[in-house]
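Undergrad: The structure under discussion is supplied below as C-alpha cells; questions concerning it will follow.
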C-alpha cells in the first residue's frame, strides 16, 4: 500500500469512526484505529478541512471529535426535526451553579440560588445525563457532591470546562453608567 493510499484509508477510517459514534470520540481512540505511522492531529485536521462549508462539520467537544450540524443550518432544521424539550429555568440555574462550583452539594446549590431545590429538578438533570454524583463531602450527614458530565460538555458544544464563559463576564456591573446620547445642537 502506498503512503497516499494509507493516509486516504486513515482519513476514511477516522471519518467512519466519528460518524458511527453517538458520543464524542477521543483522539486516543482514533489513534488506536489508525495505522501506526498515522498522525491523528493531521488526519483530523484534513477531515475538518474536508467538511468545511458543508451541512455538517467536524468539531471537538467534550474531549473528543464529533459531527455537528452546521450552525447556519440549525434554525432551518428545527422546522423539520423535533427539538428536545428545553430545561426549565430552575434546572438551568442549577446546572449553571453545578458547572461553575463543582463539585457542589445540594445545600450549597440552594444557598447560592437563595431558594430551595426540589428533588424533581435534580432528577431531571440526572435523567438528562447532565450531572452525576462525584462522591460525598466530608461534613455532617456526608452530602452528595454533584458535578457535570461529558454529556453536559457535548450538549453545550464545549471541549472542556475551561471554555465556559468567565463568571466575571456574566455579571452585570451595577456601578456602570449607561452611555448618554449627545444632545442635539
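Read-outs: derived from the displayed coordinates by stated rules, not from any lab. Bear in mind the structure is a predicted one, so any value in this text is a computation, not a measurement. Note: ideal-geometry Cβ built from the backbone for every residue, glycine included; neighbour counts use all protein chains shown.
Undergrad: Report the Cα-based extents of region 89-168 along its three principal axes, largest first, to the nearest Å.
TA: That gives 36, 29, 26 Å along the principal axes, largest extent first.
Undergrad: Over region 1-66, what relative contact order in percent results from Cα pairs under 8 Å that are six or more residues apart?
TA: That works out to 38 percent.
Undergrad: Also, I was wondering about something else. Where does each of 19, 152 land when they are ranked from fewest to most other beta-carbon atoms within 10 angstrom?
TA: The fewest-first ordering by Cβ neighbours comes to 19, 152.
Undergrad: Taking the Cβ of each residue in 69, 121, 94 as the centre, tally the other Cβ atoms inside 10 Å and list the residues starting with the fewest.
TA: Starting with the residue having the fewest Cβ neighbours, the order is 69, 121, 94.
Undergrad: So if I restrict to the alpha-carbon atoms in region 1-145, what is the Rg, and what is Dmax, the biggest pairwise distance, in Å?
TA: Just the Cα atoms of region 1-145 yield Rg and Dmax of 20.9, 65 Å.
Undergrad: Separate question: Can you pull the percent of Cα pairs in region 3-77 with separation above 16 Å?
TA: Percent of Cα pairs beyond 16 Å in region 3-77: 47.
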